[in-house]
Amino acid sequence: MSTLHKTDNITEISGGSIITPLGFKAAGLHTEVKRKRNDLGAILCDVPASSAAVYTLNKIQAAPLQVTQESIAEEGKLRAVVINSGNANACTGEEGLEDAYKMRDTAAEVFGVPKHHVAVNSTGVIGERLNMEKIIPGIKALCPMPAFKDADQFNEAIMTTDKVKKHACFQTTVNEKRVTFGGAAKGSGMIHPNMATMLSFITTDAVIEPEYLQQALSEVTNKTFNCITVDGDTSTNDTVVVMASGHAGNDSLHPEHPEWDTFVQTLQSTCEELAKKIARDGEGATKLVEVKVNGAKSNEEAAMAAKQIVGSDLVKTAIYGTDANWGRIIVALGYSGIDLDPAAIDISLGSITTLKNSKPVPFSEEEAKAYLEQDDIAINVDLHSGSGTGKAWGCDLTYEYVRINAGYRT
């Protein structure tokens, strides 16, 4: 049974999922592309949903991204998204593109929807052809539609090296109508998004036109998914897709709507929760690290500095080793590329101040070590140079990360 935790007009639903918003179903199954667990999933909407997406900025993009971009560009509507894991269908040439189209076309036939109402995503090993002899029968096995009732099975189907399933659900009210967001994501390694390998799917029952949904998603992505890093690698397959069924019955949302900010903030809450879960589940990670930067010249520079700090290998290894080496933090800050006053920097680990106005502050090494042994670590920086604020999330860097990635294909 779902439980509610309310803050202002945005409510987090513990136990909610990608099928909590009205009009959506989901399912996942095992095609044997992967040895043990589900490897094919789908989300289905009962109406053409206003849709938007953001994609990796890696110049080498996997075939499914081309197909998904083409589908959404047709009229900004989707009915279904089909995802396979275990194989990224990246760097597979014309044959890989043909396979991605075949996935889309098969799903359209099976679900009885136009081809351009289907998006396709893949995640896994780069440079190998999809096993279509397993994937196509798997897509056909996703019907009949009543089988689409298991968000948990879908969440499993999109995982690769993930240790845990990642989901989020938030509600708000717009025009006195309840509006719900549900999200599911995968991502553990190759995470350094510039819209990493990271896939995220978000559903909502809000009424909104595609162009405004795209505007909201692009804004929110820069504050959430683009503020996490695990290892500095931007994948060929990174994608975030949002679908809006319109079943909530609110007045259509747009930037001049009096509750536009509430809508965007609820979308941001959903994306931020998924982003933090991706960072926490970094390959081999033992800690979630949040960096907050205040007093920058702009919000953009604050976010840039925060991401540079949380992405520093030396900072990440210090956190893993419970070493309160604040020097690594200020070094990362110094090469972040932002404008700052080198003589006016404050740094703290949680509530433990280590630097004030760029001068070392005596602190208990034992207390700092005990703090760094916790699962959640906060690094706070104040630049005293402006009013800009920003956050970024990441994780520690461990021996286990090397082990996982040294044998990823085997």
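The values are calculated or read from the model by the stated rules, or taken from the named source; none is laboratory data. No experiment lies behind these values; they were computed from the predicted model shown. Neighbour counts run over all protein chains shown; Cβ positions are idealised from the backbone, glycine included. For accessibility, only protein heavy atoms count, side chains too; no ligands or nucleic acids. Shrake-Rupley method; radii C 1.70, N 1.55, O 1.52, S 1.80 Å.
Projected area of the chain, taken from the Cα convex hull and averaged over every viewing direction, in nm²?
Averaging across all directions leaves 19.7 nm² for the Cα convex hull.
Out of the chymotrypsin sites (Phe, Trp or Tyr not before Pro) in segment 252-346, which ones are loop residues according to DSSP with at most 10 other C-beta atoms within 10 Å?
For chymotrypsin sites (Phe, Trp or Tyr not before Pro) across segment 252-346 that sit outside H, G, I, E and B with at most 10 neighbouring Cβ atoms in 10 Å, the list reads Tyr335.
Can you tell me the accessible area per residue over segment 19-90, all protein chains present, probe 1.4 angstrom, in square angstrom?
Per-residue value: 37 Å².
Which order do the peptides 180-186, 389-395 take when ranked by the mean count of other beta-carbon atoms within 10 Å per residue, highest first?
180-186, 389-395
Provide the packing ranking of 33-42, 15-24, i.e. peptides ordered by the mean count of other C-beta atoms within 10 Å per residue, highest first.
Highest-to-lowest ranking by the protection proxy: 15-24, 33-42.
Which of Lys115/Lys391; Lys59/Lys115; Lys165/Lys316 have a Cα-Cα distance over 29 Å?
Long pairs (Cα-Cα over 29 Å): Lys115/Lys391.
How far is the Cα center of segment 3-63 from the Cα center of segment 320-355, in Å?
37
Take the solvent-accessible surface of the protein heavy atoms, probe 1.4 Å, and return the percent of it on the chain that carbon and sulfur atoms account for.
48
What is the antiparallel percent of DSSP beta bridges lying wholly in the chain, to the nearest 5?
Rounded to the nearest five, the antiparallel share is 70 percent.
Mind jotting down the distance between the C-alpha centroids of segment 167-185 and segment 98-129, whole Å?
So the separation of the two Cα centres works out to 28 Å.
Ranking request for peptides 80-90, 300-310, 345-355: highest mean number of other beta-carbon atoms within 10 Å first, then the rest in descending order.
80-90, 300-310, 345-355
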